[in-house]
Amino acid sequence: MLEHWLAPSLPAQERVPFAHAPHSTELLFQLIGGVLVAGLGWLLAYALYHDNRSTVPERLKVIFPRAWALVFNKYYVDELYDATVVRGSLVFSRVLYWIDQNVIDGFVNFMGWLGRAVAYVDAAIDKYIVDGAVNGLASLTWNSGSALRRIQTGHIQSYLYGALGGAIAFVIIQYVIR
């Protein structure tokens, strides 16, 4: 692939063939290089810090104070993390808390108040209009029955006088209307 990419810039590519090494060789060099570097680093750290006898770390601290402070403070990753992620999360949580307390709870409390107000109006309509109409009709029926009870005496002559009075009233109304 590299040879195809480099083909326009290397006119003599036909005369210099690329060597194709197997992937196992590449992986072997990576493994040996990685293990070798890690092992050397471990041995150097062991030699410098084992038993606290070596004066090299102290001399390095004097010679490279800024580099020492940078490494000693772990590249200030904790401070950077605290200043960005932790404090940002705290500010974000305070903002969300304020929204919860003032916006969401305000809306929920308003809806509760609105529900109670509608229930109060509904109770008043039920009590004064619906129950009032039912009780008014019952009272009208009761009072009409009480008034009509006096008319029903059981005497036939009283009924005839009533019929005669109604007929006379009908004739008079007809005469007045025409």
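The values are calculated or read from the model by the stated rules, or taken from the named source; none is laboratory data. Just so we're clear, the structure is a prediction, and the values are computed from it rather than from any experiment. In this analysis, Cβ positions are derived from the backbone assuming ideal geometry, glycine residues included, and neighbour counts consider all displayed protein chains. Accessible surface is based on the protein model in full, side chains and every heavy atom, while ligands, DNA and RNA are left aside. Shrake-Rupley method; radii C 1.70, N 1.55, O 1.52, S 1.80 Å.
The table for this structure:
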| item | result |
| --- | --- |
| Test: residue in segment 64-78 that is farther than 30 Å from A45 by Cα, open to solvent by less than 80 Å² (accessible area, probe 1.4 Å) and not polar (S, T, N, Q) | no |
| Tabulated pairs, segment 131-150, first surrounded by fewer than 10 Cβ atoms within 10 Å (Cβ to Cβ) and among the basic types (K, R), second at pLDDT 95 or above and outside any helix (DSSP H, G or I), C-beta under 6 angstrom, 6+ apart or interchain | none |
| Cβ-Cβ under 7 Å pairs, at least 6 apart or on other chains, segment 83-111 side touching a residue at least 24 places away in the same chain (Cβ under 8 Å) and assigned to a helix (DSSP H, G or I), far side open to solvent by 80 Å² or more (accessible area, probe 1.4 Å) and basic (K, R) | none |
